[in-house]
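Participant: Below is one structure. I have some questions about it.
The values are calculated or read from the model by the stated rules, or taken from the named source; none is laboratory data. What you see is a predicted model; the values in this text were computed from it and never measured. Here the Cβ is made from the backbone with ideal geometry for all residues, glycine too, and neighbour counts use every protein chain on show.
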Amino acid sequence: MRNFSYLRATSATEAGQAAQQAGAMLLAGGTTLLDLAKCGVSEPETVIDITHLSGMGSIVVDTAGARIGALARMSEVADHKDIRAVFPAVSESLSLAASAQLRNMATIGGNLLQRTRCSYFRDPGAFPACNKRNPGSGCSAIGGVTRNHAVLGTSQACIASYPGDLAVALVAFDAVVETDSRKLAIDDFFLCPGDTPDRETLLQRGEIIIAIDIPASDVARNSTYLKVRDRQSYEFAAASAAIGLELEADGRTIRDIRVALGGVAAKPWRARAVEQALVGKALEADAVEKAGRLAMEGAVAHGGNRYKIELAQRVVARAILKMGGLA
Ligand SMILES: Cc1cc2nc3c(=O)[nH]c(=O)nc-3n(C[C@H](O)[C@H](O)[C@H](O)COP(=O)(O)OP(=O)(O)OC[C@H]3O[C@@H](n4cnc5c(N)ncnc54)[C@H](O)[C@@H]3O)c2cc1C
Ligand code: SF4
């Protein structure tokens, strides 16, 4: 890890200006940044510490929804009683992410901006070819070990999956990312790799995430996050689903439904085809399983990740049926 200089910012404006310099990086909880610096993926010249900025760590929940400061810790949001009541899927996605120690350290802004767990990306010494790290160098994963790679939203340049949990719940419920200069719908905020896998979000150099807004809705209040992973203690998702379900007064007909997928796509993945297939339909196992298959429309497997196609369909169906009291 190479030496870097350290700046403790006293305001978001100072941090934003300093972060515009080449080689500068913002430091929040540091659990992604320092990891990547140690393995040689990130080589910051200046680290700008924003953890002490005031006003960016608050969590406010009212009738309009929730506003979560970018510096709120994962554990604070997961355990917040109003977030648990009004946005259960958001709370669960955080409780099921990483370890307790990491959740106590890591922030919401940093969580959204975590990088892929593609092992080729994280080992520059052994695998120089990585279009995400080094544009135009190729992709070491294609034709390699791909068990954790994406099947949706990939390109010929990169098949890495987005690893985070929280963003999946946020995409399901139309959250908005507020930066120091604009507001961005979270579904637009994350980018698929296309020809430029090094560009993962719409953030510009030096732009700081200030807060996340999540609008309140009945469908968000009745929601869950189901995560399937290789071990229960802590692990990234092999496949996950954030589901919101609102039924008509008859207790059977689906009035509104939200479906988003994690662990299987290049970005947090909203499965609108599943939602459209189920709105207005009776909540029945056959219909849900059939609609769940639409979640994987357009999926492309690369060897070892083929299992994700069936797994994700099952995760979606199981989560919807669980919400509806049928599983
Ligand atoms: C062993 C391990 C297991 C994990 N398991 C999971 C898991 O199961 N699920 C999951 O979702 N995550 C998991 N993670 C990832 C973890 O959640 C992230 O490392 C963490 O959320 C990052 O937050 P941070 O505050 O530490 O970010 P930092 O490391 O401080 O920052 C990350 C990036 O975001 C930038 N940044 C930070 N804040 C801002 C801001 N406000 N505005 C603009 N840029 C900003 C930084 O410059 C940096 O590039 C795991 C991590 C580890 C190490
Ligand atoms: S999948 Fe993406 S991140 Fe992984 S080696 Fe290929 S280009 Fe790099």
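Participant: Name the residue that is surrounded by the most Cβ atoms within 10 Å (Cβ to Cβ), counting only residues in the stretch 1-29 that are touching a Ser or Thr at 6+ places or on another chain (Cβ under 8 Å) and in a loop (DSSP other than H, G, I, E, B).
Facilitator: Ala28
Participant: Which members of the stretch 270-327 meet the condition of being without any contact (Cβ under 8 Å) to a residue 12 or more places away in the chain and at positive phi?
Facilitator: Gly325
Participant: To continue, here is another question. Return the residues of the stretch 20-35 that are near ligand 1 (Cβ under 8 Å from one of its atoms) and either more than 24 Å from the chain's Cα centre (by Cα) or in contact (Cβ under 8 Å) with a residue 40 or more places away in the chain (or both); say none if nothing qualifies.
Facilitator: Of everything in the stretch 20-35, those that are near ligand 1 (Cβ under 8 Å from one of its atoms) and either more than 24 Å from the chain's Cα centre (by Cα) or in contact (Cβ under 8 Å) with a residue 40 or more places away in the chain (or both) turn out to be Leu26, Ala28, Gly29, Gly30, Thr31, Thr32, Leu33.
Participant: Which of the residues that make up the stretch 126-156 are surrounded by 20 or more Cβ atoms within 10 Å (Cβ to Cβ), under 13 Å from Pro193 (Cα atoms) and in contact with a strand residue (DSSP E or B) (Cβ under 9 Å, 6 or more places away or on another chain)?
Facilitator: Cys130, Asn131, Lys132, Cys139, Ala150, Val151, Leu152, Gly153, Thr154 - these are the residues of the stretch 126-156 that are surrounded by 20 or more Cβ atoms within 10 Å (Cβ to Cβ), under 13 Å from Pro193 (Cα atoms) and in contact with a strand residue (DSSP E or B) (Cβ under 9 Å, 6 or more places away or on another chain).
Participant: Report, by residue number, each residue of the stretch 148-178 that is closer than 14 Å to Ala266 by Cα and either modelled with pLDDT under 95 or within 16 Å of ligand 1 (Cβ to nearest atom) (or both).
Facilitator: Hits for the stretch 148-178 are Asn148, Ala150, Ala160, Ser161, Tyr162, Pro163, Gly164, Asp165, Ala167, Val168, Val171.
Participant: Suppose the filter is surrounded by fewer than 16 Cβ atoms within 10 Å (Cβ to Cβ), farther than 21 Å from Asp174 by Cα and out of contact with any strand residue (DSSP E or B) (no Cβ under 7 Å at 6 or more places or on another chain); does Ala249 pass it?
Facilitator: Here the answer is yes, as Ala249 does meet what is asked.
Participant: So, one more: In the stretch 62-79, which residues are part of a strand (DSSP E or B) and surrounded by 14 or more Cβ atoms within 10 Å (Cβ to Cβ)?
Facilitator: Gly65, Ala66, Arg67, Ile68, Gly69, Arg73, listed by residue number.
Participant: Quick one: how many residues across the stretch 40-53 are within 11 Å of ligand 1 (Cβ to nearest atom) and closer than 17 Å to Arg115 by Cβ?
Facilitator: 4
Participant: Note down all Cβ pairs under 8 Å where the first residue falls in the stretch 42-61 and is assigned to a loop (DSSP other than H, G, I, E, B), the second is among the basic types (Lys, Arg), and they're at least six residues apart or on different chains.
Facilitator: Close Cβ pairs (under 8 Å, with a partner that is among the basic types (Lys, Arg)) amount to Glu43/Arg2; His52/Arg8; Gly57/Arg73; Ser58/Arg67.
Participant: With the condition being surrounded by fewer than 17 Cβ atoms within 10 Å (Cβ to Cβ) and under 11 Å from the mean Cα position of the chain (by Cα), I'd like the strands (runs of 3 or more DSSP E) fully within the stretch 159-220 carrying at least 3 qualifying residues.
Facilitator: Those strands (runs of 3 or more DSSP E) do not exist here; none qualify.
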